[in-house]
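Chemist: Below you will find the structure I want to go over with you.
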Amino acid sequence: MEAQRGFSEEQFQAAGRELSQPAPAPGGAWQLLVETMGISIYRLYDEQSGLYEYKIFGGLADCSPELLADVYMDLDYRKQWDQYVKELCEKTYDEKRIIYWEVKYPFPLSNRDYVYIRERRDMEVDGRKIWVMLAKSVSLPQCPEKPGIIRVNSYVQSLVLESDGKTGSKVYMYYFDNPGGMIPSWLINWAAKSGVPAFLKDLQKACLNYCKKT
């Protein structure tokens, strides 16, 4: 996967359309995993990897989509509010901006790290203003794997935001990664059922504490 590719216009449009799609129907390929704190999480089994893809639908009160997008994109601020960040920084290679992210895993598991690109667009879809952020892992010789840390080579995420018509936001998120190694099923289930809603609530709290840099 080359860093230069980035994201196509169609990828942004497709992600944007997901926000207005109805939730997956019961009995379909996408299974409802949990509903909690105003968040619904669906998962789809990926036979090739033996892992799940996730779609998350919900809302975050008292956080405008523009503010949520700003906070989500602010890497320095994320180091303050995301307790699982060990290292997070943006680097430039061949005039391409790459993000390096190391995530803390509970003992005795090894930490994971990611090398990825991301892009944000503020768009109009069918006359509605939406905020779309896309991210995917890339492979770069300038960012070799580190001893004792497992590199996540398959990572895809999209986050789509829209005003809820009040002071909050409607949220759609797609997520897939292959963390590698032997991870207990209880940890995978916890991350999906509790970790994702907790992340969104932490993001909401971070928005309320955010002072936009000028």
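Chemist: Multiplying the sequence separation of ARG17 and ILE99 by 0.36 nm and subtracting their Cα-Cα distance, what value in nm do you get?
Modeler: Working: separation 82, 0.36 × 82 = 29.52 nm, distance 2.64 nm.
Gain in length upon complete extension: 26.9 nm.
Chemist: Something else about it: Ignoring everything except DSSP H segments at least 4 long, calculate the 222 nm mean residue ellipticity for the chain; use -39,500 (n - 2.57) per segment, divide by total residues, nearest 500.
Modeler: -6000 deg cm²/dmol, from helical runs alone.
Chemist: Where the centre of each part is set by its Cα atoms, how far does region 38-108 sit from region 119-152, in angstrom?
Modeler: 9
Chemist: Within region 106-154, list the GluC sites (Glu not before Pro) lying in a DSSP loop whose Cβ has at most 11 other Cβ atoms in a 10 Å radius.
Modeler: GLU145
Chemist: Under 5 Å between amide H atoms, partner at least 5 residues away or on a different chain: which partners does VAL138 have, H built in plane at 1.01 Å?
Modeler: VAL115, TYR116, ILE117
Chemist: What are the ³J(HN,Hα) couplings of region 124-135, residue after residue, when phi is run through the Karplus curve with 6.51, -1.76, 1.60 and θ = phi - 60°? Round to Hz, x for glycine and proline.
Modeler: 10, 10, 6, x, 10, 7, 9, 10, 10, 10, 10, 9
Chemist: Within the chain, what whole-number % of the accessible surface is contributed by carbon and sulfur, with the 1.4 Å probe and all protein chains included in the calculation?
Modeler: C and S atoms contribute 50 percent here.
Chemist: Next question, about the same structure. LEU88 versus ILE183, label points 7 Å from Cα toward the beta carbon: distance in nm?
Modeler: Reported label-point gap for LEU88 and ILE183 is 1.7 nm.
Chemist: Of the listed pairs LYS166/LYS205; LYS96/LYS205; LYS136/LYS193; LYS79/LYS166, which have alpha-carbon separations greater than 26 Å here?
Modeler: LYS96/LYS205; LYS79/LYS166
Chemist: Next question. Per 5 Å bin, what is the whole-percent P(r) computed from every C-alpha pair distance within region 1-89?
Modeler: Using 5 Å bins, I get a P(r) of 3, 10, 12, 16, 22, 21, 13, 4, 0 for region 1-89.
Chemist: For Cα pairs less than 8 Å apart in space and 6+ apart in sequence, what is the mean separation divided by the residue count of the chain, i.e. the relative contact order in percent?
Modeler: Once divided by the residue count of the chain, the mean separation gives 24 percent.
Chemist: Would you please give the residues with an amide H less than 5 Å from that of ARG151, counting only those at least 5 places away or on a separate chain, with H modeled from the backbone geometry?
Modeler: For ARG151, the qualifying residues are ASP113.
Chemist: OK, next. Run the reach check for LYS86 against lysines, Cα to Cα strictly under 17 Å, same-chain hits fewer than 8 apart removed. What comes back?
Modeler: Once the sequence-local lysines are set aside, what remains near LYS86 is LYS104, LYS146.
Chemist: Would you mind checking the radius of gyration and Dmax of the chain based on alpha-carbon positions, in Å?
Modeler: Cα-based Rg and Dmax for the chain come out at 17.0, 50 Å.
Chemist: Let me ask another. I want to check the label-to-label distance for SER163 and TYR45. Put each point 7 Å from Cα in the C-beta direction and report it in nm to one decimal.
Modeler: Rounded to a tenth, the inter-label distance reads 4.3 nm.
Chemist: Let me ask something additional. I'd like the Karplus ³J(HN,Hα) series for region 150-163: coefficients 6.51, -1.76, 1.60, θ = phi - 60°, whole numbers in Hz, and an x wherever there's a Gly or Pro.
Modeler: Using θ = phi - 60°, the values come out as 8, 7, 8, 8, 10, 9, 9, 8, 9, 10, 10, 10, 8, 4 Hz.
Chemist: Shifting gears a bit: Label points 7 Å out from Cα along the Cβ direction at GLU124 and ALA191: separation in nm?
Modeler: About 4.0 nm separates the two model spin labels.
Chemist: A further question follows. Determine the order of SER185, SER194 by accessible area, beginning with the largest, at a probe radius of 1.4 Å.
Modeler: SER185, SER194
Chemist: Kindly provide the trypsin sites (Lys or Arg not before Pro) of region 117-204 that DSSP labels as loop, not H, G, I, E or B, and whose Cβ sees at most 16 other Cβ atoms within 10 Å. Present the calculation step by step, with values, prior to reporting the outcome.
Modeler: Numbers: sites: ARG118, ARG120, ARG121, ARG128, LYS129, LYS136, ARG151, LYS166, LYS170, LYS193, LYS201; in loops: LYS166.
For trypsin sites (Lys or Arg not before Pro) across region 117-204 that sit outside H, G, I, E and B with at most 16 neighbouring Cβ atoms in 10 Å, the list reads LYS166.
Chemist: Among the aspartates and glutamates, which have Cα under 18 Å from the Cα of LYS201 when same-chain residues fewer than 8 positions away are ignored?
Modeler: Reachable aspartates and glutamates: GLU35, ASP62, GLU66, ASP70, ASP74, ASP82, GLU162, ASP164.
Chemist: Quote the FRET efficiency, to the nearest 0.05, computed for LYS146 versus GLU53 with a Förster distance R0 of 30 Å and r equal to the Cβ-Cβ distance. Display every interim value, and only then the final one.
Modeler: Values: r = 27 Å, r/R0 = 0.90.
Efficiency, from the Cβ-Cβ distance: 0.65.
Chemist: Follow-up. Residue by residue, what Karplus-based ³J(HN,Hα) values in Hz, rounded to whole numbers, does region 10-22 have, using 6.51, -1.76 and 1.60 with θ = phi - 60° and x for Gly and Pro?
Modeler: Listing the rounded values in order: 5, 5, 5, 5, 5, 5, x, 5, 4, 5, 9, 6, x Hz.
The values are calculated or read from the model by the stated rules, or taken from the named source; none is laboratory data. Keep in mind that this is a model prediction, so the values were computed, not measured. We place every Cβ from the backbone using ideal geometry, glycine too, and count neighbours over all the protein chains shown. What goes into the accessible areas is simple: the full protein's heavy atoms, side chains included, and nothing from ligands, DNA or RNA. Shrake-Rupley method; radii C 1.70, N 1.55, O 1.52, S 1.80 Å.
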